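Everything below concerns the one structure shown next.
The values are calculated or read from the model by the stated rules, or taken from the named source; none is laboratory data. What you see is a predicted model, and the numbers here were worked out from it, not measured in a lab. FYI the Cβ positions are ideal-geometry reconstructions off the backbone, even for glycines, and counts take in every protein chain you see. The protein model used for the area step is the full one, side chains on, heavy atoms only, and it has no ligands, DNA or RNA in it. Shrake-Rupley method; radii C 1.70, N 1.55, O 1.52, S 1.80 Å.
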Amino acid sequence: MPDRRDSRETAADDRFLGTFEVTLRGTRARRVSPRGVVRYRDVVSFLVRNRPRAPEAAAGAVLRRRQGPVFVVQTFFLDQEGVPLGDTEASGPVWVCRARRLDEELCAAFGDKDLIIFGEAGPSC
């Protein structure tokens with residue numbers, strides 16, 4: 001499906017995604033073995049289970065990136081400014097995993113974007 005967003009929306013996506021990639025590169029994320037599929041409920045379960053460990057969090061986020069034949073999926077928390085907690089004085093739990101595919105529900109949630117924000121920190125990009 002072609003990307004039908006205008007250049008302003010695409011520029012906003014690039015700005016957010018660049019920030020998250022740089023921020024998450026330096027985190028001590030929990031890395032799991034490659035799996036066959038990442039499901040929507042896996043992502044939501046991580047956010048719900050780990051929310052108490054991130055009291056400063058205003059929202060949760062999920063970023064997907066294609067690396068060859070697999071997806072790298074990063075799930076993390078954002079502060080009230082929309083900045084990943086790992087990039088501030090507060091550190092929040094981060095889950096990074098690789099998967100050959102995403103389930104239908106997670107694919108639908110992403111749509112034609114690579115970032116989902118759960119909460120009030122800002123619009124999903």
Report task. With a point put 7 Å past each Cα toward its Cβ, work out how far ARG100 is from GLU81 in nm, to one decimal. Result -> 4.3 nm
Requested in this report: Return the sequence-ordered ³J(HN,Hα) values of segment 56-73 in whole Hz as given by the Karplus equation 6.51 cos²θ - 1.76 cosθ + 1.60 applied to θ = phi - 60°, using x for Gly and Pro.
Outcome: 7, 5, 9, 7, x, 8, 9, 10, 10, 9, 8, 10, x, x, 10, 9, 9, 10
Query raised in the report: Given a Förster distance of 25 angstrom, what is the FRET efficiency for VAL70 paired with ALA108, based on the Cβ-Cβ distance and rounded to 0.05?
Result: 0.80
Query raised in the report: Just the accessible area for ARG100, please: 1.4 Å probe, Å², rounded to the nearest 10?
Result: 150 Å²
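For segment 44-114, how big is Rg over Rh, using alpha carbon atoms and the Kirkwood form of Rh?
Taking Rg over the Kirkwood Rh, I get 0.99.
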Requested in this report: Would you check the accessible area of GLU105, probe 1.4 Å, heavy atoms only, in square angstrom rounded to 10?
Outcome: 110 Å²
